[in-house]
Amino acid sequence: MTIDASILNDRESCLAADRADELASFRYEFVLPEGVIYLDGNSLGALPKAAPERARQVVEEEWGRDLIGSWNKNHWYSLPQRIGNKITQLIGGIDGACVATDTTSINIFKSLAAALRIQQQDAPERRVIVSERENFPTNLYMVEGLIKFLGEVEGSRYELQLIEDERSLTDMLANRGNEVAAVLLTHVNYRTGQMWHMDRVTREVHDAGALIVWDLCHSAGAVPLNLSASEADFAVGCTYKYLNGGPGSPAFVWGAQRHLDRVEQPLTGWFGHRRPFDMAGSFEPGEGANRFLVGTQPILSMATMEVGIDIALRVDQGLLRQKSLALTSLFIRLVEQQLAGHPLTLVTPREPDKRGSHVSFRHPHGFAVMNALISRGVIGDYREPEVLRFGFAPLYNTFTEVWDAVQQLRDVLENETWREAQFAQRGAVT
Ligand SMILES: *Cc1c(COP(=O)(O)O)cnc(C)c1O
């Protein structure tokens, strides 16, 4: 049954919506501390209840008892592919292959380098990399690092061009499309929650003769994806956000089938070798997405993260999206109706098909307001500048939590509790 969030106007009706929610049972698969409304699953997903047992097993039994034999016996060696295959299903990447490995930052470097290498063979005159000014910083830093590396080591000059939105991307491609080698976009923006139209943008980039790398950090596990239908070239993403893989769990990197035989990336470690245990003196690339592997994998993290991926695989993506939009629509409407007198500005697109699963509001004292909220057990996060960010994980957040979070926010703002000195203090991580 589709839940109509526009008719939820009191706590009772939110409780009723939770009872009618077809995804409600997933909440019981996660550890959610008493007294906490966790609206930060877009930054660090909650702990699946089955994960501690899997962690115990991999540590005590596989490592403790089976020791090095576990690489074969307990299939440690094939974990990047096994989990990668599951992620392939989740992101609709059937016409391609994926491995779970490394971090998103490193996978950006490798996949972008692979895209540039393909272009070097097909269209060597293309020397522009396009990304978005509002991209997550590490994405831009990795592009800068790659450009510097290619310039200093290979003597090839690339430049980074930043666009703002779809219109400026279209303009850029119209003016300089024949210079563009690759485009790196983040499907759902980490700060604003704005979502690109993957099909249309991919087509536009291809029409200009460029390749596209999609970053799915805030999409995987939150919005339905179909990389194959979109004809995407490469994709990366992390698993510790909506996929609930655990802090620092390995990221993923996916490539379309048509490119896999041509993938060359500079971090040619032995796990990417065709036959690592030949201990050969020089590198020969492995098959398919294995070429993205570098060295020995973090098995403890990887084994534990599979629990979160397995939960995500059981979820109907259509229902997930419906609930996500119902939660975010409800939150936007309640904040705007009930807190109308306060200087809150919606940063996230109002149109449902233009946003992911988090909602951001600007407030001039955003940092202190968020701290005051967190002190009451409503955990969202703060992003520069002045942005209060609330992630709605459709697997475990409820309509009643949305209601209660808005009441807490109202109390913080009406009584100005955020003015207390303690809420101005910053930690190393925000
Ligand atoms: C979370 C996030 C990252 C994180 O990268 P790490 O290498 O895991 O630290 C990168 N890019 C985007 C768009 C993100 O949202």
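The values are calculated or read from the model by the stated rules, or taken from the named source; none is laboratory data. If you're wondering where the values come from, they're calculated on a predicted model, not measured in any experiment. Here the Cβ is made from the backbone with ideal geometry for all residues, glycine too, and neighbour counts use every protein chain on show.
Of note:
- Scanning the stretch 395-411 for residues that are surrounded by 24 or more Cβ atoms within 10 Å (Cβ to Cβ) and closer than 18 Å to Asp381 by Cβ yields Asn397, Val402, Ala405, Leu409.
- Answer from Arg350, Arg321, Arg291 - the residue that is within 30 Å of Asp66 (Cα to Cα) and either in a loop (DSSP other than H, G, I, E, B) or touching a Pro at 6+ places or on another chain (Cβ under 6 Å) (or both): Arg291
- Just one residue in the set Ala50, Ala55, Ala17, Ala46 is out of contact with any strand residue (DSSP E or B) (no Cβ under 7 Å at 6 or more places or on another chain), on the phi < 0 side of the Ramachandran plot and crowded, with 21+ Cβ neighbours inside 10 Å; that residue is Ala17.
- Residues within the stretch 112-141 that are under 25 Å from Arg258 (Cα atoms) and not polar (S, T, N, Q), tallied: 16
- Options Ser360, Ser329; residue that is in contact (Cβ under 8 Å) with a residue 40 or more places away in the chain, touching a helix residue (DSSP H, G or I) at 6+ places or on another chain (Cβ under 8 Å) and of a type in the set (Ser, Thr, Tyr): Ser329
- Residue satisfying condition, being small (Gly, Ala, Ser) and away from the ligand (no atom under 16 Å from the Cβ), within set Ala251, Ala222, Ala210, Ala235: Ala210
- Gly155 fulfils the conditions (1) away from the ligand (no atom under 16 Å from the Cβ); (2) at pLDDT 95 or above; (3) surrounded by fewer than 14 Cβ atoms within 10 Å (Cβ to Cβ) except for a single criterion, (2).
- Within the stretch 126-140, the residues that satisfy the criterion of being surrounded by fewer than 21 Cβ atoms within 10 Å (Cβ to Cβ) and more than 20 Å from the chain's Cα centre (by Cα) are Arg127, Val128.
- Neighbours by Cβ (under 7 Å, 6+ apart or cross-chain): first from the stretch 371-398, within 24 Å of Asn135 (Cα to Cα) and of a type in the set (Asp, Glu); second modelled with pLDDT of 95 or more and surrounded by fewer than 24 Cβ atoms within 10 Å (Cβ to Cβ): Asp381/Asp40; Asp381/Ser43; Glu386/Arg362; Glu386/His363; Glu386/Pro364; Glu386/Gly366
- Scanning the stretch 283-297 for residues that are surrounded by fewer than 21 Cβ atoms within 10 Å (Cβ to Cβ) and among the small types (Gly, Ala, Ser) gives Gly286, Gly288, Gly295.
- When the stretch 66-125 is filtered for residues that are over 26 Å from Leu146 (Cα atoms), of a type in the set (D, E, K, R) and under 25 Å from the mean Cα position of the chain (by Cα), the ones remaining, listed by number, are Arg82, Lys86, Asp95.
- For the stretch 173-188, the criterion of being at positive phi and more than 16 Å from the ligand (Cβ to nearest atom) is satisfied by no residue at all.
- Looking only at the stretch 132-142, and only at residues there that are closer than 13 Å to Thr186 by Cα and among the hydrophobic types (A, V, I, L, M, F, W, C), the one that is farthest from the ligand (Cβ to nearest atom): Leu140
- Residues satisfying the stated conditions in the stretch 137-179, i.e. among the charged types (D, E, K, R) and in a strand (DSSP E or B): Glu159
- In the stretch 54-93, residue nearest to the ligand (Cβ to nearest atom) [restricted to those that are farther than 18 Å from His187 by Cβ, β-branched (Val, Ile, Thr) and touching a residue at least 60 places away in the same chain (Cβ under 8 Å)]: Ile83
- Subset of the stretch 340-364 (residues that are surrounded by fewer than 20 Cβ atoms within 10 Å (Cβ to Cβ) and in contact with a strand residue (DSSP E or B) (Cβ under 9 Å, 6 or more places away or on another chain)): Pro343, Leu344, Thr345, Leu346, Val347, Pro349, Asp353, Lys354, Arg362
- Cβ-Cβ contacts under 9 Å between residues 6 or more apart (or on different chains), taken from a first residue in the stretch 106-131 that is of a type in the set (Asp, Glu) to a second residue that is away from the ligand (no atom under 16 Å from the Cβ) and assigned to a loop (DSSP other than H, G, I, E, B), are listed as Asp122/Gly209.
- Taking each residue of the stretch 135-149 that is farther than 13 Å from Asn107 by Cβ and looking for partners that are more than 13 Å from the ligand (Cβ to nearest atom) and assigned to a helix (DSSP H, G or I) with beta-carbon atoms closer than 9 Å, six or more apart or interchain, yields Phe149/Ala113.
- Some residue of the stretch 180-188 being over 19 Å from Pro250 (Cβ atoms), outside any strand (DSSP E or B) and touching an Asp or Glu at 6+ places or on another chain (Cβ under 9 Å): yes
- Set side by side, the residues Leu313, Leu260, Leu300 differ, and just one is closer than 23 Å to His218 by Cα and modelled with pLDDT of 95 or more, which is Leu313.
- Members of the stretch 373-386 found to be among the hydrophobic types (A, V, I, L, M, F, W, C) and crowded, with 22+ Cβ neighbours inside 10 Å, listed by number: Leu373, Val378
- Qualifying positions in the stretch 99-136 - of a type outside the set (Ser, Thr, Tyr) and part of a loop (DSSP other than H, G, I, E, B): Asp102, Ala123, Pro124, Glu125, Arg126, Arg127, Arg133, Glu134, Asn135, Phe136
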